[in-house]
Each structure stands twice: as structure tokens, then as C-alpha cells.
1. Could you bin all the Cα-Cα distances of region 48-152 into 5 Å bins starting at 0 and give me the percent of pairs in each, rounded to whole numbers?
2. Using the Cα gyration tensor of region 198-248, with a ≥ b ≥ c the square roots of its eigenvalues, what is the shape: rounded (a/c below 1.5), prolate (a/b larger than b/c) or oblate (neither)?
3. Return the distance in nm (one decimal) between the two label points of a simple spin-label model at GLU217 and ASP126, each offset 7 Å from Cα along Cα→Cβ.
4. For the pair ASN134 and LEU161, what calculated FRET efficiency results from E = 1/(1 + (r/R0)^6), where r is the Cβ-Cβ distance and R0 = 22 Å, to the nearest 0.05?
5. As a footprinting exposure proxy, order MET93, MET72 by other Cβ within 10 Å, with the fewest listed first.
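Here, each number is a calculation from the coordinates, and none is a lab measurement. Just so it is clear, the model here is predicted, and its values are computed rather than measured. Here the Cβ is made from the backbone with ideal geometry for all residues, glycine too, and neighbour counts use every protein chain on show.
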Amino acid sequence: MKREAALKKLWLQILCAVLVLGLMTSFYAPTVFAQNPSPEELKHKVELYLRNMFAFGPETKLLVGDFKETGMPGVLATTISVTIEGNKEDAKMWVSKDGKFLFRGELNDMSKDMLAENRAKLDIKDAPATGNLNGPITVVEFADFECPVCRNLHEVLRGLLPKYPQVRLLPSVAQPSNDGASVSSTAGRRRIGGRMPAHCTGVGKAMLAFSPRPVLEHVLAAGLVRRTPRTVIAPGLLDRELAAVLDHLVGPAGDGAVAAFTARGGRT
């Protein structure tokens, strides 16, 4: 009897162990045995998702670049290139290796000094300065010299100097432009009352949205010049932004401004 009881107890223990192992296998199997898609499969999935999301037709060329490691487990980086009517726009995006998540924005490593790389690029040796030239705190101003908002900021910064005698302000540090030339910031060159192309500003886009169709066609025919990295130069994308103005009555952000309307109108 004792021997039979011992055997029965042993079989019960084995049965419990098998049940626990089976439950653990069924719970972890999807993550342990699931295979990530190949790079080509992942590219195809990203392309299909973006085409569906933005309603890109076959005439729109969309290219998903090669994936690169980011240092973040399970996340890859890629460059998405969209070409519409000969105008190309690039955007950096991130995708999870399992193909479930796609996101765009800033990916920052909080274990590193996020400003160290930018500080290393600053050439302030011969830059003109104002305020306390020997001050322990240096403020470097970068701005678009054609932007009225930037001009206002410059005046605000100069107005703060008397209250903070420990600050040295560098308002005209040279920086590279889009064409590789060197331009200065707000203090180095001003164009008060100057003109900017309509497609580069929020006010200009709002005006185009409420203008007759021939006006927009004239602007597109003249060519959309890139003034900043955020300038929209693809006619199709610009047309969509202008259509959104009519739908929401809010002008899209330009290179340095935001416009809003409170009256309804339309483009004929």
C-alpha cells in the first residue's frame, strides 16, 4: 500500500510538472519562436502602410531606405523618400524589428549629452559679441534673418542683457545655408519689410488657399524654391496643405509663422 501511494504521488507530481511546462510554452511561444520579417518584407510592409495612410497613388514614388541599427533594442532607423511630380522629400522614421510599430520624431539617448555634438560644431572664435565679453555664460543665437519672429526674439535677448551682467550674447554666428554658402543670423543681416515667397510662410499659404485657382497655378509654374529644411516644394503636398486651410480654417505653419482665419472662403 505504501509503495502504491508513493507511486501515485510521483505520477501526480510528474503530471503537474507537465501541465506547468505546457502552460509556460503556450504563453511564451509567440515571443520565443516568432520570427521578425526580413528587411525586404519590412520595407514592403512600411511602403504599403504609408501609401494607404497618405493615399499615395501609383504616380507617387515612395522609397523605403535600408534599415540601420539605432542602439535601441528592437528599433531600426530608415529614410523614407517621396517623389511627387519630380519634387522629392525625405523623412527619417523608425520602425520596430517585428514590423508592428512605425513612428517619426526625435529619438534621443538620455544617457548622453544631447547638445554636445551641436556645441562641437559651433565656431565662435571670431564671432562678434555683446554684453559681458568675459561673462561665464555664453548665449549663442541662431535665427532666420528674414523671419520677423526671429527679429523680435533678438530684440528681447538684447533687452535682457542689462538684467544678467554675467551673460555674453553672440547674435551673429555664421552658419551654413542650404546652398552651402555662409550666412549670418538676425543681427548680421535684416530685411525689415522684405518679401518671402508665398509658399514659405503661414500667411502666404493662407492667402494662396483663399485665392482663385489661377493664382496658385501661377505660383506652381514659377517653381517652389526651398528656403529652409521645412519648406514644402512638392506641388501635390502644398495643394493638400491649402485644401486643409479651407477645411479647418487654420493656416499651416510656414518657415517662421502661423496664420489663422475666422471667416469662411474658398478657391474657385
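1. All Cα pairs, binned at 5 Å, distribute as 2, 8, 13, 14, 13, 12, 12, 12, 8, 4, 3, 1, 0 percent.
2. Oblate shape, in that a/c is at least 1.5 and b/c is the bigger or equal ratio.
3. Going from the GLU217 label point to the ASP126 one covers 5.2 nm.
4. It comes out at approximately 0.95.
5. Ascending number of Cβ neighbours within 10 Å: MET72, MET93.
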